[in-house]
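Structure first, then comments.
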Amino acid sequence: MKSGSTATPSANSPSRTLQAVFAQQVDGGGERIALCIPATERAPTRQISYRELDAWSAAIAHRLVAAGVKHGTAVGLYAPRSAEAIAGLVALA
């Protein structure tokens, strides 16, 4: 984008933050599927909408704030590849 441009950055623009792109997905069609977790022997296929992921990650973020985490605080996330890990990453973004 040229300096002084008033155009909105595209979703692929490096100037867009994860929060901005995610919020756009929630606002533009929150019921669309954000995550699809394949079935296992113990659990059926799981689909999570952008709106559900937004609520889940907001709840995690609120718990972190209640525990004293402030903007700029380093927070580690240790989790296997999972929906829970994605929710945690979105909460920390």
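The values are calculated or read from the model by the stated rules, or taken from the named source; none is laboratory data. Just so we're clear, the structure is a prediction, and the values are computed from it rather than from any experiment. Every residue, glycine as well, gets a Cβ built from its backbone with ideal geometry; the counts of neighbours run over all protein chains shown. What goes into the accessible areas is simple: the full protein's heavy atoms, side chains included, and nothing from ligands, DNA or RNA. Shrake-Rupley method; radii C 1.70, N 1.55, O 1.52, S 1.80 Å.
A DSSP coil position with no more than 15 other Cβ atoms inside 10 Å describes the following chymotrypsin sites (Phe, Trp or Tyr not before Pro) in segment 45-89: Y78. In terms of the mean number of neighbouring beta-carbon atoms within 10 Å, the peptides 64-72, 34-42, 19-27 order highest first as 19-27, 34-42, 64-72.
Computed from the C-beta positions of E41 and A79, the FRET efficiency with R₀ = 30 Å rounds to 0.90. The Cβ shell under 13 Å around A91 holds other residues with a net charge of -1, Lys and Arg each +1, Asp and Glu each -1. Taking every protein chain into account, the accessible area of segment 30-82 amounts to 82 square angstrom per residue (probe 1.4 Å).
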